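Read-outs throughout are calculated quantities, based only on the coordinates presented, and are distinct from any laboratory measurement. As the structure is a prediction and not an experimental result, all values here were calculated from the model. Glycine gets a Cβ as well: all are built from the backbone with ideal geometry, and neighbour counts include every protein chain shown.
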């Protein structure tokens, strides 16, 4: 998270220099994305272009399959709160090249199930309980 906070601080400095205080959040988001793109140039991060290209109208921005409500974005004047929100937002719209991206358990289950739904019973190749007991109980 510290690396996202460092980028967020730079973006906030740029917002203060270039954006009037009463700018709408709909206009602020594209500026933020542009500034993030400029500030991650010499880091291991890259902008997830697919996510960032899906800006929607009227108080919503699409990130993957989730919609982020722009009414929840804190005002820039509340610097500490905005900094934390911005760091989290930057984490969502960037990809860390040094970090392995493992699929979530839910994605793995859906991928391996026949119809894409989560099965009622999941079969494992081994009995983890007995392996656990052997390991810890001797």
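Results, tabulated for the structure shown:
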quantity: Burial ordering of 78, 4, fewest other beta-carbon atoms within 10 Å first; calculated: 78, 4
quantity: Full-extension gain in nm, residue 13 to residue 112, via 0.36 nm per residue minus C-alpha separation; calculated: 31.0 nm
quantity: Residues 95, 12 arranged by fewest to most Cβ contacts within 10 Å; calculated: 95, 12
quantity: Estimated distance in nm for a label pair at residue 1 and residue 50, the labels positioned 7 Å out from Cα along Cα-to-Cβ; calculated: 2.7
quantity: Sequence of 130, 34 once ranked by neighbouring C-beta atoms within 10 Å, starting from the fewest; calculated: 130, 34
